[in-house]
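The values are calculated or read from the model by the stated rules, or taken from the named source; none is laboratory data. Quantities reported herein were computed from a predicted structural model and do not represent experimental measurements. In this analysis, Cβ positions are derived from the backbone assuming ideal geometry, glycine residues included, and neighbour counts consider all displayed protein chains. These area figures cover heavy atoms from the full protein model, side chains too; ligands, DNA and RNA do not enter into them. Shrake-Rupley method; radii C 1.70, N 1.55, O 1.52, S 1.80 Å.
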Amino acid sequence: MSEKATIEIDGKKHEFPLIKGTENEVAIDIKTLRSATNGIVTIDPGFKNTGSCESAITFLDGEKGILRYRGYSIEELAEKADFLEVVFLLIFGDLPNSEELEKFHSDIKAQSVVDEDIRKIVDAFPKSAHPMGVIASLTSALTAFNPSSVNVNSDEDMYKAIVKILGKFPVLVAWTFRKKNGLRLEYGDKSVGYVENILKMMFQLPNEEYQFNPIVVNALDKLLILHADHEQNCSTSTVRIAGSSHVGLFASLSTGISALWGPLHGGANQAVLEMLEAIKEDGGDSKKYMAKAKDKEDPFRLMGFGHRVYKNFDPRAKIIKKAADEILNDLGVEDPILNIAKALEQEALNDPYFVDRKLYPNVDFYSGIIYRAMGIPTDMFTVMFALGRLPGWIAQWKEMRLNNEPIGRPRQIYVGETLRPFKAINKR
Ligand code: SDX
């Protein structure tokens, strides 16, 4: 393959280097485009054809349905690793040995309390507040109580900020859930695992000993692994661009939580359940919803279907779909919503509209069915997505800072009014 790309403008040829990644992806390096062409820029709404960075964290192949974290396949990690190992892998680049994992967990546990004044912020929210709005605010508020986390100019500072958020974020998630359910804001239990502690903080009741259900623990551990990173998706790109101004880690993460909330992104897992419930209420008539999804006049989309990168099955959706069957069976949960989802999938996979556009189920299509079977309410689904994605956001933010990437500041093409003289108000 040639080393350069040539662009000809007004008869003048401009050459730009091609860069190739370790998986043979190729990009045109246009760093010199504007200066070489006296101001010409590229434009690409939604960045469908534009790479923002070189990254060594996650590899996706959308055509083949491949997802790997630091070279390990998502299939192997979901089956053989636990979430805290994957957190370490994403952030520090390799799987930890047992000593590293133990120290990492111990350092996180040492940070797993928050300033008591945070209870006052939680109390100030109405019970009706959407949990994503609450958790985004609480995450940003953490900076007020941990100002040192803003300056991460040394490896030690960076590590401290990372273990702080990994220790405190699960507390914020649990308190967000408990506030909504009128439960006392409790802490967890340092004697149990990272994921067990999350479940206990969320679900323990003041008048009984919390009983761990290994099926639920394993299901949550697997779901968190499957959501842990996904290269330059909307929320991760938001974390990176916010962090490029050198605002602190917690404030950068808060921007990612807000971006994830959107129904076109992580908010889709809540929208999928609401859609499936609507179909169920409608007598299970999925054909009506398929027609709505294909009607260009109708803004309705088949939530949980389609993906910017995957033009094949989302490998995570395959794993979650299989897990949904197993977990509901193990829990003895009969959920008609699962059968509606499967019927919808079958219809879509045989419908030319979806086949022609390569629209397959994505990570959000089946995940909510498992969350619901675990007793997690629909409006908490995207918070669980954020809990899983936290290590990915941290890893990507850390890579951006350690690579000393410049502040993100795209250009534009102006299409507004040209110069015109001011008009006095009596002349308008
Ligand atoms: C996540 O990027 C990531 O990696 C995200 C994520 C992660 O892990 O971080 O994987 C998590 O966000 C998964 C996606 C969750 N969102 C949804 O399930 C919402 C429903 N899906 C869509 O809105 C859509 O598919 C997107 C947003 C996911 C992708 O949109 P694109 O890439 O901008 O594609 P598009 O909107 O240009 O659609 C291409 C065509 C259009 O039709 P035409 O104009 O060509 O006729 O496909 C159609 C769209 O109308 N289309 C759909 C559809 N998705 C796309 N039509 C009906 N239902 C859908 N779900």
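So here's what we get for this one:
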quantity: The lone exception for Asn218 - which of (1) open to solvent by 50 Å² or more (accessible area, probe 1.4 Å); (2) in a helix (DSSP H, G or I); (3) farther than 23 Å from Asn329 by Cβ; (4) without any contact (Cβ under 8 Å) to a residue 40 or more places away in the chain it fails; calculated: (3)
quantity: Of all residues in the range 345-355 being away from the ligand (no atom under 11 Å from the Cβ) and assigned to a helix (DSSP H, G or I), the one that is least open to solvent (accessible area, probe 1.4 Å); calculated: Glu345
quantity: Residue among Ile327, Ile340, Ile320 that alone is open to solvent by 10 Å² or more (accessible area, probe 1.4 Å), under 17 Å from Met384 (Cβ atoms) and not in a loop (DSSP other than H, G, I, E, B); calculated: Ile327
quantity: Val195, sole failed condition from (1) closer than 22 Å to Glu76 by Cα; (2) away from the ligand (no atom under 16 Å from the Cβ); (3) not in a helix (DSSP H, G or I); calculated: (3)
quantity: Leading residue by the ranking (nearest to the ligand (Cβ to nearest atom)) among those in the range 381-408 that are over 30 Å from Glu156 (Cβ atoms) and either among the hydrophobic types (A, V, I, L, M, F, W, C) or open to solvent by 100 Å² or more (accessible area, probe 1.4 Å) (or both); calculated: Phe385
quantity: Selection status of Ala293, within 16 Å of the ligand (Cβ to nearest atom), out of contact with any Gly (no Cβ under 7 Å at 6 or more places or on another chain) and of a type outside the set (Phe, Trp, Tyr); calculated: yes
quantity: Strands (runs of 3 or more DSSP E) enclosed by the range 1-55 - at least 1 residues per element that are small (Gly, Ala, Ser) and either farther than 23 Å from Leu402 by Cα or open to solvent by 50 Å² or more (accessible area, probe 1.4 Å) (or both); calculated: 4-9
quantity: Verdict on Gln396 being in a loop (DSSP other than H, G, I, E, B), closer than 24 Å to Ser245 by Cβ and at pLDDT 95 or above; calculated: no
quantity: Unique residue being surrounded by 16 or more Cβ atoms within 10 Å (Cβ to Cβ), out of contact with any His (no Cβ under 6 Å at 6 or more places or on another chain), part of a helix (DSSP H, G or I) and not aromatic (Phe, Trp, Tyr) when the list is Leu60, Leu77; calculated: Leu77
quantity: The lone exception for Leu276 - which of (1) over 16 Å from the mean Cα position of the chain (by Cα); (2) crowded, with 23+ Cβ neighbours inside 10 Å; (3) within 11 Å of the ligand (Cβ to nearest atom) it fails; calculated: (3)
quantity: Qualifying position, being over 21 Å from the mean Cα position of the chain (by Cα) and surrounded by fewer than 21 Cβ atoms within 10 Å (Cβ to Cβ), among Gln232, Gln204; calculated: Gln204
quantity: Number of the exception - Thr378 against (1) surrounded by fewer than 21 Cβ atoms within 10 Å (Cβ to Cβ); (2) under 25 Å from Pro131 (Cα atoms); (3) more than 21 Å from the chain's Cα centre (by Cα); calculated: (3)
quantity: Residue count for the range 297-336, restricted to those that are farther than 23 Å from Glu79 by Cβ, in contact (Cβ under 8 Å) with a residue 40 or more places away in the chain and more than 16 Å from the ligand (Cβ to nearest atom); calculated: 1
quantity: Hey, Val247 surrounded by fewer than 24 Cβ atoms within 10 Å (Cβ to Cβ), away from the ligand (no atom under 16 Å from the Cβ), β-branched (Val, Ile, Thr) and in a helix (DSSP H, G or I) or not; calculated: no
quantity: Test for Ile319: is it of a type in the set (Val, Ile, Thr) and under 18 Å from Leu226 (Cβ atoms); calculated: yes
quantity: Val152 outside any helix (DSSP H, G or I), in contact with a Leu (Cβ under 8 Å, 6 or more places away or on another chain) and touching a residue at least 12 places away in the same chain (Cβ under 8 Å); calculated: yes
